[in-house]
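Asks: Have a look at this one.
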Amino acid sequence: MSLFQDYSCHIIYRKSGKLEESFESSGIVRNSSRNTFQIKDQSQEDSIRIRLKQLSDQELNLERFEVRFKDPQGRFFPGQHGIRLFQHGYHSWSQCQVVGARDRDLQSRFQWKHDMDENPETPFPSRMPGRLHSLVSRGLFHSEGVVSLVSDSGKMIFLGQAEVGSQHVRYRVQLNPSDGSLKELRIIWDFNGERTVSHSIIPLAVVRGFRSQETQQDFFGFIDKSFNEISRDLPDPPNRSANFTGWCSWYHYYTGITEENLSHNLMLLKAREVKLDVFQIDDGYQKNIGDWLETNKKFPRGLGPLVKESKKAGYRAGVWFAPFLARPDADLIKKHPELLLRSPSGRPVRALINPNWGGKTYALDVTHPLFLEYIAEVTRHFVNLGFTYLKLDFLFTPYFRGRYHSMDTSGSMRLRKALETIRKAAGKKTFLLGCGCPLYPSIGIVDGQRVSMDVNHMWEKPLLGKLLGDRNFPALRPALQNNLLRSFMHQRLWLNDPDCLMLRNRETELTDAQIRLSAVIMTLVGGMILISDDLQLLDGPRFEWLEKILEINKKCSAKTSIPLAGLHNPFPLGAYNPAGYLGIWNPTDKPARIELPLPEGLSMGDLKRRVDLFDGQLIPWTVAKEGISISMAPYESFFTKLS
């Protein structure tokens with residue numbers, strides 16, 4: 001049976017107010033109800049391929065296009081109940097989770113925080129005014145880019161954006177809270193107000209679908225295999241590598257970096273002969289946000305001397321910047337106020353509030369020719385200084401609404417054009433890391449991509465994060481959860497960046513067990529490893545840990561890991577890396593009996609008499625046909641090689 005059948009098509013746009021038109025229900029080519037648009041629907045059994053043509057002779061602003069399935073329960077899950085879904089986040093920091101029909105989609109209580117961390121087009125899932133979590137509808141979710149659903153009997157489907165495309169794709173899913181049946185499913189293409197004219201031809205990003213062929217297939221194994229099929233048609237990163245390692249200044253010094261403390265850490269790395277790829281300078285060197293060509297008073301000689309020191313020590317030089325942001329008092333804005341993105345009323349569009357920078361920071365018009373010239377100049381400036389690793393942060397603002405210089409663009413088009421400009425100026429050999437970035441437009445441009453919210457020197461989010469109702473607030477536990485749940489992207493689109501690993505046991509709220517657990521997961525799941533400690537705080541045993549982590553990560557990073565026991569646990573209880581490594585852990589503050597299924601392709605004999613890679617002790621688990629069982633202390637973890 002074809003996966004994609006029995007749906008209606010709807011176009012939502014603005015002409016004089018907000019309008020919606022549906023399309024005739026049959027035929028490959030058909031017109032909308034007011035003959036404003038025509039679609040050519042060439043969808044197949046496992047893919048939706050639609051092309052829009054504007055028939056109206058007036059300028060229009062597109063909001064979104066929707067495919068609404070008429071009977072999603074009968075189409076995808078006939079006779080099935082107890083459905084759970086993998087909800088994928090919007091950009092680097094956005095939370096990923098597995099949810100059920102009684103759960104709620106708890107977005108931030110504040111609109112400005114929501115727009116910073118999640119899709120600004122995604123509505124708050126409540127029919128009542130205000131953003132109170134207690135009023136959020138149960139079972140109503142939006143998933144971004146990809147989504148996967150599984151019934152209580154094991155039937156699964158996966159839907160995913162299958163090309164970079166010119167629109168962002170999301171999925172509106174409503175589960176019936178009473179029995180977990182599939183009440184509603186929509187596929188939505190966001191245009192973000194893109195202006196179109198008569199006879200415009202607009203292809204929609206292709207969406208592909210997969211259904212499980214085996215009733216006993218592992219849910220995350222199914223997601224991994226489905227996305228692997230999609231990734232075959234997506235562009236490769238310019239610099240494909242097995243792994244990437246380094247040191248980053250952020251999680252100890254934050255904006256308090258100086259030439260002296262950076263040089264001191266570089267000296268310690270060299271003295272310890274730590275083998276890393278990059279020494280990365282983070283936020284705190286620049287004159288102002290937006291003024292990247294000059295350093296502040298803490299760096300009177302500029303960054304050139306540190307670049308030379310890094311190279312002399314055997315490391316690539318890396319630097320952080322936020323190309324799409326500016327403070328209102330930046331020299332750039334004083335000289336070129338036209339570069340500020342403005343609302344329809346003419347007010348600057350606020351990107352975020354950051355106390356480290358003095359408060360409000362604004363979005364730039366990334367379509368303005370002068371901006372594109374400036375950001376190319378900034379990029380060449382860093383490359384000419386000798387930086388071959390650029391961390392690009394806060395990349396979400398091109399999806400904000402505003403009066404752009406080029407209004408005939410969607411958020412996806414704006415972001416990709418700006419990133420292409422940076423890549424061209426940086427050259428093919430410079431490593432680009434995306435952060436705070438909506439994912440699809442960066443595919444084929446960046447080499448690494450952050451896949452979690454910021455880590456932190458605390459396990460759970462602090463009081464401020466709770467007051468904001470912010471599920472994306474920096475904390476180690478949700479960051480590790482995201483790294484596990486997004487492992488299917490690693491080595492297919494880019495190197496996954498799990499954010500930094502902190503190994504220090506001083507000047508931190510993390511326990512030794514939590515630090516070790518983070519080291520196990522980041523090593524096992526592969527991806528980039530960047531430590532972020534003042535190296536004076538690491539003793540000999542921690543440097544031994546680091547040496548072991550770097551050695552094993554080289555092997556694990558070449559493969560894509562599969563999370564284990566994550567369907568009914570918010571935080572998966574283990575992961576298997578096909579390079580032959582297995583991890584198991586208790587991510588809670590209470591002792592627990594942890595049970596894992598045998599990873600696909602492994603037998604009982606593969607797991608017997610295995611020792612932990614960190615302490616060399618025999619792992620006291622019980623192995624049976626059903627899987628692994630072990631009693632574990634709070635935050636305890638084991639990590640072993642199977643072959």
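Asks: Looking only at segment 251-262, decide whether some residue is at positive phi, surrounded by fewer than 19 Cβ atoms within 10 Å (Cβ to Cβ), outside any loop (DSSP other than H, G, I, E, B) and under 31 Å from the mean Cα position of the chain (by Cα). I'd like the intermediate steps shown before the answer.
Replies: Taking segment 251-262 first, the residues at positive phi are 254.
Filter once more, so that each one left must be surrounded by fewer than 19 Cβ atoms within 10 Å (Cβ to Cβ): 254.
From the residues that got through so far, the ones that are outside any loop (DSSP other than H, G, I, E, B) too are 254.
Restricting the remaining residues to those that are under 31 Å from the mean Cα position of the chain (by Cα) gives 254.
Yes, segment 251-262 contains at least one residue that is at positive phi, surrounded by fewer than 19 Cβ atoms within 10 Å (Cβ to Cβ), outside any loop (DSSP other than H, G, I, E, B) and under 31 Å from the mean Cα position of the chain (by Cα).
Asks: In addition: Which residues, taken from segment 426-463, are closer than 19 Å to PHE244 by Cα, among the small types (Gly, Ala, Ser) and buried (at least 20 other Cβ atoms within 10 Å of the Cβ)?
Replies: Across segment 426-463, the qualifying residues are ALA426, GLY434, SER442, GLY448, SER452.
Asks: Quick check on segment 289-313: of everything there that is without any contact (Cβ under 8 Å) to a residue 60 or more places away in the chain and open to solvent by 60 Å² or more (accessible area, probe 1.4 Å), which residue is nearest to TYR253 (Cα to Cα)?
Replies: Restricting to residues being without any contact (Cβ under 8 Å) to a residue 60 or more places away in the chain and open to solvent by 60 Å² or more (accessible area, probe 1.4 Å), the top hit is LYS298.
Asks: Give the residues of segment 536-561 that are closer than 30 Å to MET489 by Cβ and open to solvent by less than 30 Å² (accessible area, probe 1.4 Å), sorted by residue number.
Replies: Within segment 536-561, ARG542, LEU546, ILE549, LEU550, ILE552, ASN553, CYS556, SER557, THR560, SER561 qualify.
Asks: Does segment 600-623 hold any residues that are open to solvent by less than 40 Å² (accessible area, probe 1.4 Å) and without any contact (Cβ under 8 Å) to a residue 60 or more places away in the chain, and which are they?
Replies: From segment 600-623, those open to solvent by less than 40 Å² (accessible area, probe 1.4 Å) are 602, 607, 612, 614, 619, 621, 623; that's our starting set.
LEU602, LEU607, ASP612, ILE619, TRP621, VAL623, listed by residue number.
Asks: Can you give me the ranges of the strands (runs of 3 or more DSSP E) entirely in segment 126-221 with at least 2 residues that are surrounded by fewer than 20 Cβ atoms within 10 Å (Cβ to Cβ), over 24 Å from the mean Cα position of the chain (by Cα) and at pLDDT 95 or above? Full working, then the answer.
Replies: Details: elements: 140-144, 146-150, 156-161, 168-175, 182-196, 201-203, 207-211.
By residue number, 182-196, 201-203.
Asks: I need the strands (runs of 3 or more DSSP E) fully contained in segment 3-78, keeping only those with at least 3 residues that are under 18 Å from HIS199 (Cβ atoms), touching a strand residue (DSSP E or B) at 6+ places or on another chain (Cβ under 8 Å) and in contact (Cβ under 8 Å) with a residue 24 or more places away in the chain. Walk me through it before giving the result.
Replies: On the way: elements: 7-14, 18-22, 29-31, 37-41, 50-54, 60-69.
By residue number, 50-54, 60-69.
Asks: Which count do you get for residues in segment 365-390 that are open to solvent by less than 30 Å² (accessible area, probe 1.4 Å) and in contact (Cβ under 8 Å) with a residue 60 or more places away in the chain?
Replies: The number of residues fulfilling the criteria is 6.
Asks: Taking the condition open to solvent by less than 20 Å² (accessible area, probe 1.4 Å) and small (Gly, Ala, Ser), does SER94 pass?
Replies: Taking the combined requirement at face value, the residue satisfies it.
Asks: In segment 572-643, which strands (runs of 3 or more DSSP E) lie fully inside it and hold 1 or more residues that are touching a Cys at 6+ places or on another chain (Cβ under 9 Å)?
Replies: Values: elements: 574-577, 581-585, 592-596, 622-624, 627-632, 637-641.
Of the strands (runs of 3 or more DSSP E) lying wholly inside segment 572-643, those with at least 1 residues that are touching a Cys at 6+ places or on another chain (Cβ under 9 Å) span 574-577, 581-585.
The values are calculated or read from the model by the stated rules, or taken from the named source; none is laboratory data. What you see is a predicted model; the values in this text were computed from it and never measured. With ideal geometry, Cβ positions are generated from the backbone for all residues, glycine too; neighbour counts draw on all protein chains shown. Heads up: the accessible areas ignore ligands, DNA and RNA and are worked out on the full protein's heavy atoms, side chains in. Shrake-Rupley method; radii C 1.70, N 1.55, O 1.52, S 1.80 Å.
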